[in-house]
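Everything below concerns the one structure shown next.
The values are calculated or read from the model by the stated rules, or taken from the named source; none is laboratory data. Predicted model, so just to flag it, every value in this text is computed and none were measured. We place every Cβ from the backbone using ideal geometry, glycine too, and count neighbours over all the protein chains shown. With ligands, DNA and RNA removed, areas are computed over all heavy atoms of the protein, side chains included. Shrake-Rupley method; radii C 1.70, N 1.55, O 1.52, S 1.80 Å.
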Amino acid sequence: MLPTKRADGAEDSGDAAAKKARVGESPAEAGSEAMVAGEPVGGGSNGNGVAEIDEDLHSRQLAVYGRETMRLLFASNVLVSGLNGLGAETAKNLALAGVKSVTLHDVENVDMWDLSGNFFLSEDDIGKNRAAACVEKLQELNNAVLVSALTEELTTEHLSKFQAVVFTNLSLDKAVEFNDYCRSHQPPIPFIKTEVCGLFGSVFCDFGPEFTVLDVDGEDPHTGIIASISNDNPAMVSCVDDERLEFQDGDLVVFSEVSGMTELNDGKPRKIVDARPFSFCIEEDTRNFGIYAKGGIVTQVKEPMILEFKSLRECIKEPGNFLLSDFSKYQRPPLLHFAFLALDNYRQKFGRFPVAGCDQDARKFVEFTASINEAAIDYKMDELDEKLLQHFASGSRAVLNPMAAMFGGIVGQELVKACSGKFHPQYQFFYFDSLESLPTYALDPKDLKPLNSRYDAQISVFGSKLQKKMRDSNIFVVGSGALGCEFLKNFALMGVSCGRKGKLTITDDDVIEKSNLSRQFLFRDWNIGQAKSTVAATAASAINSCLHIDALQNRACPETEHVFNDAFWEGLDAVINALDNVNARMYMDMRCLYFQKPLLESGTLGPKCNTQMVIPHLTENYGASRDPPEKQAPMCTVHSFPHNIDHCLTWARSEFEGLLEKTPNEVNSFMSNPAEYAAAMRKAGDAQARELLERVRECLDKERCDKFEDCIAWARLKFEDYFSNRVKQLTFTFPEDAATSTGAPFWSAPKRFPRPVQFSAVDSSHIQFILSASILRAVSFGIPIPDWAKNTGNLADILTMLLLSKTF
């Protein structure tokens, strides 16, 4: 999916050149040329024109989005207009997501200010068109995405070629014109207008008069195990009390496996009313239904949602409800709405942004805002925060990298929603400010003047005094995965640790895998197998050659405290966690607490994320509060009476460890020193020792595998054992009509009566089990895996032959 490494100075071959869209070329033109060159557009193809998904590359996205969403993304052409820092971040996220094409549009040239926000650009690009200068580096992120540039003035005719459009630097008049066109187009083209002005940002989304959300939250449908159902109107449904129900009033649910009151098994969705932690009522009269006997599963029905977006023209005057990110600032969005409108008026009149630190410009901007507020009807504010407006005006020209990264992530996700219908989109205006980031001391207007450096945009907001402090800071970043790559990019653009006294230390003991490439954008496919920290440090230095960075491959843990010793910790100014496990987070929190160092803690899980800023003597530390321990099911429930997917996963994990980790370790211990191993077992002399010896004997005798066909036979026997023989034994011991000592049905909720599975060579899930188990067994025994083994058709034929030879 990503480009292969070329020798320095090597030119693209003819085929490679044909694959890439060129400056000024439309996605459609580029796509047709790519197909002529024999390269499928938007990813691999299965020969039927349907894009194939590279599961090794997009495994994490597949888990979150699903296959259908990924296919919709692979078919989407997206326009990103305005290649400032915000446009670059948005385009980066789209390329990593794997859309069909990204067209970059800009008519402006690169200047020094752009270098503080756009990580694709360097000093060598100054004077070039911004879109054209970004094409090659954006293409490197994902060679399956067609990347092209438009450097002419945009017209509505251009817009018709795209499935979604986003604008980062567009006048309000032009935005209204383009938005009206996108709404009237058939089908409507989702439209996003977004801006970053210093410490303020905005996003406006309009996905058309009627936009269908196929999956509102991306979560699996909620389920419950039924304990009883009343014959009443409305009927009350009670569920087992081992887990709280997640249903809400208005949810639709369907019933299955209900005994007695079988009328509910008709598949008809029924609406929930009066939802409670362990029960709910349904809008159904069950007085004439059969009497509930036992069993039953209730499952949420997730229905598509239709959203009616209003146009930008309407929302300017009547913005509706604003999306809040900080409830302590619930009065802030209307003021920011007026401020962004005033900035557009100011730029239209004067042809420039207000000058940083200029009182006259700030006063004029406040007047513009006040006039807009006076003209408002329903949203008129009694009083304007003039100090906030002055900060807005002073930093309005700056596209700060941290703000651009944040809003680029938001906009990128909204574009995924627009192209796929997955997740509820933003509706419609979102405003955000980070005034808390300003220094606590008063800023001197002289300190805000540009120095003709790549940090001038930041200086216009924070001042040169704080910029110098950032350049001389000593930072420790732990982890260089998805978050670590983002942090390093941000620090390089911000100038953190770029001074003579500054130093950034990054450590990570992991190496790069292919699945990392869809998120960890500092890596390329030729880096696979290399140390993450070293490659990330090199890439960050390429963004800003002044970055003083030291890359280590040590895990931060008690065993490496001779590396990260007291002297190391004492010299730090701040610590940044980019970790993927709680134990490492707890250790770093403990060290930061001991040495009194600020800690930025963060994490991601699919589309969700969290962040925590820990300041010594001011905020709670990470380890001060913990999530309650997860409820563990008894192993007898997991092995014999599972009733939810977590039980099944726990069972599978336990079997995996026993068969493929514990048993091979025991065999190796025995083979390395049989006499010592036997003596140890005799000394133990308990049931566990006997079980271990039996495992070793089976592995070396009855279940020994010498060739791959033996592994297939072993896997087939395991299938029969797991899904047929054990079930038959359990149901023989406890028949379906079995009763407890009190006379109650044994198979009552939450227990579910199991049915044995008959193996079928035409069932893909059965074949996948045999294939996976065979390969894992072969790896354990060091048996070569033949190429034919990965073809499920060949595997089915061998299983048929083994059956005919009565191997099982």
Review point. Hey, what did the chain get for relative contact order, percent, Cα under 8 Å, at least 6 apart?
Key: 10
Point to revise | 16 Å reach of a label modelled at K501, 7 Å along Cα-to-Cβ, counting backbone N of region 457-480 | key: 464-475
Point to revise | Cα-based helix-to-principal-axis angle, 674-684 vs the chain, degrees rounded to 10 | key: 80
Review point. Considering only DSSP beta bridges with both partners in region 473-614, what is the antiparallel share in %, to the nearest 5?
Key: 35
Check your understanding: Rounded to the nearest 0.05, what FRET efficiency do N665 and T611 have when you use their Cβ-Cβ distance and R0 = 45 Å?
Key -> 0.70
Practice item. Could you please state how large a percent of the accessible area of the chain is carbon and sulfur, counting protein chains only and using a 1.4 Å probe? Key: 51
Study note, to complete from the structure: Between the modelled labels at F350 and D217 (7 Å from Cα along Cα→Cβ) the distance in nm is 4.7
Exercise for review: For the pairs K310/K422; K193/K364; K294/K751, note any where the Cα-Cα span goes beyond 22 Å.
Suggested key: K193/K364
Check your understanding: Hey, got a sec? Which GluC sites (Glu not before Pro) in region 686-766 land in a DSSP loop and have at most 12 other Cβ atoms within 10 Å?
Key -> E736
Study note, to complete from the structure: Interchain or sequence-distant (5+) residues whose placed amide H lies within less than 5 Å of the amide H of G502 are none
**Study point:** Hull volume in cubic angstrom per residue (convex hull over the Cα atoms of region 647-706)
**Key:** 94
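Using the alpha carbon gyration tensor of region 705-807, what are the three equivalent-ellipsoid semi-axes (square root of 5 times each eigenvalue), largest first, in whole Å?
35, 13, 12
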**Study point:** Cα convex hull of region 169-267 - mean projected area over all directions, nm²
**Key:** 11.8
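Please sort by residue number the trypsin sites (Lys or Arg not before Pro) in region 452-526 whose DSSP state is loop and whose Cβ has at most 15 other Cβ atoms within 10 Å.
On the way: sites: R454, K465, K468, K469, R471, K489, R500, K501, K503, K514, R519, R524; in loops: R454, R500, K501, R519, R524.
Within region 452-526, the qualifying trypsin sites (Lys or Arg not before Pro) (loop, at most 15 other Cβ atoms within 10 Å) are R500, K501.
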**Study point:** Percentage relative contact order, region 107-180, counting C-alpha pairs under 8 Å, at least six apart
**Key:** 23
Exercise for review: Pop a pseudo-label 7 angstrom from the Cα along the beta-carbon direction at both M381 and E55 and give the gap in nm to one decimal.
Suggested key: 5.3
Exercise for review: Calculate, axis by axis, the spread of Cα positions in region 473-614 along the three principal axes, and write the results as whole Å, longest axis first.
Suggested key: 40, 35, 27
Point to revise | Coarse-grained scattering of region 483-530 at q = 0.16, 0.30, 0.32 Å⁻¹, given as base-10 log I(q)/I(0) from a Debye sum over alpha-carbon atoms | key: -0.53, -1.12, -1.19
Exercise for review: Out of all DSSP beta bridges with both ends in the chain, state the antiparallel percent to the nearest 5.
Suggested key: 55
Point to revise | Size descriptor, Kirkwood hydrodynamic radius, that averages inverse alpha-carbon separations across region 223-301, Å | key: 12.0
Check your understanding: Near L552, within a Cβ-to-Cβ distance under 13 Å, what is the net charge of the other residues, with Lys and Arg +1 and Asp and Glu -1?
Key -> -1
**Study point:** Cβ-based net charge around D114, under 11 Å, with every Lys or Arg adding one and every Asp or Glu removing one
**Key:** -3
Review point. Quick one: Cα centre-to-centre distance for region 544-616 and region 661-699, in angstrom?
Key: 42
Check your understanding: Rg (Å, one decimal) plus Dmax (Å, integer) for the alpha carbons of region 77-229?
Key -> 18.5, 74
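Normalised by the number of residues in region 223-301, what is the relative contact order in percent for Cα pairs under 8 Å and 6+ residues apart?
This gives 43 percent for region 223-301.
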Revision key, fill the gap. Counting only DSSP loop positions in region 125-214, the GluC sites (Glu not before Pro) whose Cβ has at most 15 other Cβ atoms within 10 Å are E152, E153, E210
Practice item. Go ahead and run the numbers for FRET between R682 and V582, Cβ-Cβ distance against an R0 of 41 Å, rounding to 0.05. Key: 0.50
Check your understanding: Once the whole set of protein chains is in place, how much accessible area is left on S654, using a 1.4 Å probe, in Å² to the nearest 10?
Key -> 40
Review point. What's the Cα-based Rg to Rh of region 553-673, Rh via Kirkwood?
Key: 1.12
Practice item. Using label points projected 7 Å from each Cα along Cα→Cβ, tell me how many nm separate S654 and A275, to one decimal. Key: 3.2
Practice item. Over the chain, consider all pairs of different Cα atoms and compute the Kirkwood hydrodynamic radius from their mean reciprocal separation; express it in Å, one decimal. Key: 30.8
Check your understanding: Mind checking the angle between helix 85-97 and the chain's longest principal axis? C-alpha axes, 0 to 90 degrees, to the nearest 10.
Key -> 20
Practice item. Along each of the three principal axes of the Cα atoms of region 628-777, give the extent in whole Å, ordering the values from largest to smallest. Key: 54, 43, 37
Point to revise | Burial order of peptide ranges 776-782, 740-746 (average beta-carbon count within 10 Å, highest first) | key: 776-782, 740-746
